[in-house]
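Below: one structure, written as structure tokens.
The values are calculated or read from the model by the stated rules, or taken from the named source; none is laboratory data. The model shown is predicted, which means the values in this text are computed figures rather than measured ones. Because the Cβ atoms are built from the backbone with ideal geometry, glycine has one as well, and the counts that use them run over all protein chains shown.
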Amino acid sequence: MATGHIPDAHELTITEPVSSQFEKIPVQVFGQAIDASKEIARRIADRIHFRAAKDENCVLGLATGSTPVSVYAELVRMHREDGLSFKNVVTFNLDEYFPMQPNELQSYVRFMHEHLFDHIDILPENINIPDGTLAKADVPEFCAKYETKIELLGGIDIQILGIGRTGHIGFNEPGSSKTSSTRLITLDRVTRSDAAGDFFGEENVPRRAITMGVGSILSASEIYIIAYGEHKAQIVAEAVEGEISPMVSASFLQEHPHCRFMLDISAAQGLTRFRCPWLVEQVEWTDLLTRKAVIWLARLLDKPILKLTEKDYNEEGLQDLLAEHGPAYDINVQVFRHLQRTITGWPAGKPADLKQPGDVSRPHDDIFPK
Ligand code: GLP
């Protein structure tokens, strides 16, 4: 079997431009996480076939965590039902806790075997995972060899990534440099707290891990970074729309020519096109969207809704709302009234037998003109 090669641009599947002027990495949003996972698995399978047809190895960079589990499940299904073979596949995992025995519950070796390797026809010698059993003194040499092995195989064809709450990719915690390579790192407090459940208490989470570096990841030909769930929305927005910074290592992906975020609808909610769609495109000003925009404006300017002025609307990109439903005073009053009507001493609804005819409107409705 020949080794891999650096693919030409036309072989890469990610070529589309970014989706809004705020997004610095292409983002694809799916209604359901499972659809995103199937799409990623399909792209991986295409690349495996493409390489196999040329009698070449396909080199995959793999991630752990809960996010890629459904991608692996789909690859296993493709192997069983569609005959997808992994005989020409070489894998490199991103990271492993240190120290860690491969048979331990939290080991990424064990994770990968349980979710993928034990169910496909990959050759055992083609599986590479950072070794958590090494003596600390032997780690630097192991890491250097890990990098060299990837290079000798022609580099990674497709790299799969998750994203941690600190914005880490692999275990590249805040402070990791753009050129960092595979190395031993110290885990961030947030990461250890997130892993506490897996280890039955934060005190049991290892303090260190071996991880491929940001530089190693950026060397991959094509990258899919996956995030599912509302709890990822904020960090996804920072990585996609924020400044490139070592404090959010995923933001370095903005400089990769063939990287794409694959999100479910919940993880996309922090992006401007969902949070403030009126800043991105022409919108239809429904009551709900009007309320969302006005509350956003009041929060942004730290002003009470009834004090928002024409100037405020104009300067913050809400001219179109003014044109449709202005003047500002009318919009302010409409939204304020709605909010006012949500305030009640009966949060679960007033029992019908206690309702008075006047209960439908609020006490001070009459001070505002209709
Ligand atoms: C760990 C892994 C990362 C992974 C992250 C998110 O920190 N080292 O590679 O992206 O967890 O995990 P999850 O997908 O479970 O949210």
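Tabulated values for the structure
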item: Close pairs from region 201-222: first over 17 Å from V109 (Cβ atoms) and among the charged types (D, E, K, R), partner more than 14 Å from the ligand (Cβ to nearest atom) and modelled with pLDDT of 95 or more, Cβ under 6 Å, at least 6 apart; result: E222/I158; E222/H258
item: Single condition E104 does not satisfy, out of (1) touching a residue at least 60 places away in the same chain (Cβ under 8 Å); (2) not in a helix (DSSP H, G or I); result: (1)
item: Members of region 107-155 that are in a loop (DSSP other than H, G, I, E, B) and of a type outside the set (G, A, S); result: L116, I120, D121, I122, L123, I129, P130, D131, T133, L134, L153
item: Among the residues listed as A52, A36, A63, the single one being within 16 Å of the ligand (Cβ to nearest atom), more than 24 Å from S216 (Cα to Cα) and not basic (K, R); result: A36
item: Conditions (1) more than 16 Å from the ligand (Cβ to nearest atom); (2) buried (at least 17 other Cβ atoms within 10 Å of the Cβ); (3) within 12 Å of the chain's Cα centre (by Cα); (4) aliphatic (A, V, I, L, M); number of the one not met by A293; result: (3)
item: Qualifying positions in region 152-199 - over 15 Å from N93 (Cβ atoms), within 13 Å of the ligand (Cβ to nearest atom), surrounded by 16 or more Cβ atoms within 10 Å (Cβ to Cβ) and of a type in the set (G, A, S); result: G164, G167, S176, A195
item: Residue list for region 200-212, filter: within 13 Å of the ligand (Cβ to nearest atom), over 15 Å from G65 (Cβ atoms) and not in a strand (DSSP E or B); result: P206
item: Answer from L253, L306, L289 - the residue that is in a helix (DSSP H, G or I), at pLDDT 95 or above and touching a strand residue (DSSP E or B) at 6+ places or on another chain (Cβ under 8 Å); result: L253
item: Residue within region 181-197 that is closer than 30 Å to I48 by Cβ and part of a strand (DSSP E or B) present; result: yes
item: Hey, T91 assigned to a loop (DSSP other than H, G, I, E, B), within 16 Å of the ligand (Cβ to nearest atom) and of a type outside the set (F, W, Y) or not; result: no
item: Among residues of region 224-248, those that are within 16 Å of the ligand (Cβ to nearest atom) and among the hydroxyl-bearing types (S, T, Y), counted; result: 2
item: Region 66-80: number of residues that are surrounded by 23 or more Cβ atoms within 10 Å (Cβ to Cβ), among the aliphatic types (A, V, I, L, M) and within 16 Å of the ligand (Cβ to nearest atom); result: 1
item: Of the criteria (1) in a helix (DSSP H, G or I); (2) more than 30 Å from Y224 (Cα to Cα), which one R273 fails; result: (2)
item: Test: residue in region 86-100 that is basic (K, R), within 30 Å of D55 (Cβ to Cβ) and surrounded by fewer than 19 Cβ atoms within 10 Å (Cβ to Cβ); result: yes
